[in-house]
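In what follows, a single structure is set out as structure tokens and then discussed.
The values are calculated or read from the model by the stated rules, or taken from the named source; none is laboratory data. Nothing here was measured: the structure is a model prediction, and the numbers come from that model. Glycine gets a Cβ as well: all are built from the backbone with ideal geometry, and neighbour counts include every protein chain shown. The accessibility values were calculated without ligands, DNA or RNA, using every heavy atom of the protein model including side chains. Shrake-Rupley method; radii C 1.70, N 1.55, O 1.52, S 1.80 Å.
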Amino acid sequence: MKIAVVGTGYVGLVTGTCFAETGNHVICVDIDATKVNKLQNGVITIYEPGLEVLFERNIRQKRLSFTTNLKDGIKDADVIFLALPTPPGEDGSADLKYILKVADDLGSLLENYAVIVDKSTVPVGTSEKVSKAIAKNAKIDFDVVSNPEFLREGVAVDDFMKPDRVVIGTESERAKKIMNTLYAPLVRQGNPVIFMDEKSAELTKYAANSFLATKITFMNEIANLCERLGANVDMVRKGIGTDTRIGKRFLFAGIGYGGSCFPKDVQALAKSSRDVNYDFK
């Protein structure tokens, strides 16, 4: 299959490299000419254990390439992934300007049917906005699919190549068939590909990250209580973490959650809630 990945940040580069590793021909597109030049010359621009070996092998075998030209990058692509940044705005909402700019450009460039995939973390309703932006100038059929990523820094290659689950939001049978074929090599051990509507897929990403942030925050509250009561938070953690309904991960008390995803995703979920007049208690 021929795949285009627009955006060569953390998610885009891992996605493009790993799909090349499963035998697809992948072109990654980025407007940063300096970055693209490095990638074209075999210089990887992020550090992720295990990625460099796949990166070098697939460049050598000519399954992975890079360009700054969007038209060239998406030519004859079966699937076009949008892996663009969605930084938080002042009100906590995700800024969609990069995604919608590419969507605006895509419409007039599409020459054959393609599945356009939102791989970025985006709020509910983004697939509709992307679809409308493309449709303004498109002369052929296309489908917009939501396919959130669940990659952890440090083990992103393993997470991608052996996913717990693959979430795909689409109600198009044509898009379902293509996405099923694309992910088939990654789920041979029986882990599920879960198809749902686009809005549910978009919300799944925010719900997952916010739940993990909640576990961390809750355990910090328990740690504070332990100090006042004279209990040992590590013992409490082991005691509740062995309950299969709860699980042992994300229960370590510490300084709280941070990083590039949890804070902005929690804020974006709260903003989505306010937008529909729901008080997320």
### Message
I'd like the full set of residues that are of a type in the set (Val, Ile, Thr) and within 20 Å of ALA268 (Cα to Cα), limited to segment 88-113.
### Response
ILE99
### Message
Being farther than 30 Å from GLY256 by Cα, out of contact with any Ser or Thr (no Cβ under 7 Å at 6 or more places or on another chain) and modelled with pLDDT of 95 or more is the requirement here; does ILE240 meet it?
### Response
no
### Query
So, of the residues in segment 92-104 that are in contact with a helix residue (DSSP H, G or I) (Cβ under 6 Å, 6 or more places away or on another chain) and not hydrophobic (A, V, I, L, M, F, W, C), which turns out to be surrounded by the most Cβ atoms within 10 Å (Cβ to Cβ)?
SER93
### Summary
Reported set for segment 32-51 where residues are assigned to a helix (DSSP H, G or I) and of a type in the set (Ser, Thr, Tyr) is THR34
### Task
Collect the residues in segment 50-79 that are touching a Leu at 6+ places or on another chain (Cβ under 7 Å) and over 13 Å from VAL14 (Cα atoms), keeping them in residue-number order.
PHE66, LEU70, LYS71, ILE74, VAL79
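Just the residues that are within 22 Å of ALA33 (Cβ to Cβ), open to solvent by less than 70 Å² (accessible area, probe 1.4 Å) and touching a helix residue (DSSP H, G or I) at 6+ places or on another chain (Cβ under 6 Å), please, taken from segment 57-68.
Listed by number, the residues that qualify are ASN58, LEU64, PHE66, THR67.
Residue by residue, here is whether (1) open to solvent by less than 70 Å² (accessible area, probe 1.4 Å); (2) modelled with pLDDT of 95 or more; (3) more than 21 Å from THR126 (Cα to Cα) holds:
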position	(1), (2), (3)
MET161	yes, yes, yes
VAL166	yes, yes, no
GLU173	no, yes, no
MET196	yes, yes, no
LYS199	no, yes, no
SER210	yes, yes, no
THR217	yes, yes, yes
GLU221	no, yes, yes
### From the options LYS205, LYS199, LYS136, LYS177, residue that is closer than 25 Å to ALA94 by Cα, over 18 Å from the mean Cα position of the chain (by Cα) and basic (Lys, Arg)
LYS136
### Message
Please verify whether ASP275 is modelled with pLDDT under 95, closer than 30 Å to GLU90 by Cα and surrounded by 14 or more Cβ atoms within 10 Å (Cβ to Cβ), treating the condition exactly as stated.
### Response
no
### Query
Which one of these does LEU54 not meet: (1) of a type outside the set (Lys, Arg); (2) outside any loop (DSSP other than H, G, I, E, B); (3) in contact with a strand residue (DSSP E or B) (Cβ under 7 Å, 6 or more places away or on another chain); (4) surrounded by fewer than 23 Cβ atoms within 10 Å (Cβ to Cβ)?
(3)
### Summary
Taking segment 175-189 and keeping residues open to solvent by less than 60 Å² (accessible area, probe 1.4 Å) and either part of a strand (DSSP E or B) or not hydrophobic (A, V, I, L, M, F, W, C) (or both) leaves LYS176, TYR183, PRO185
### Query
Just to be sure, is GLY73 out of contact with any Pro (no Cβ under 7 Å at 6 or more places or on another chain), open to solvent by less than 40 Å² (accessible area, probe 1.4 Å) and on the phi > 0 side of the Ramachandran plot?
no
### Query
Is at least one residue of segment 26-40 in contact (Cβ under 8 Å) with a residue 60 or more places away in the chain and out of contact with any strand residue (DSSP E or B) (no Cβ under 9 Å at 6 or more places or on another chain)?
no
### Query
Among PHE280, PHE262, which is the only one that is at pLDDT below 95 and open to solvent by 100 Å² or more (accessible area, probe 1.4 Å)?
PHE280
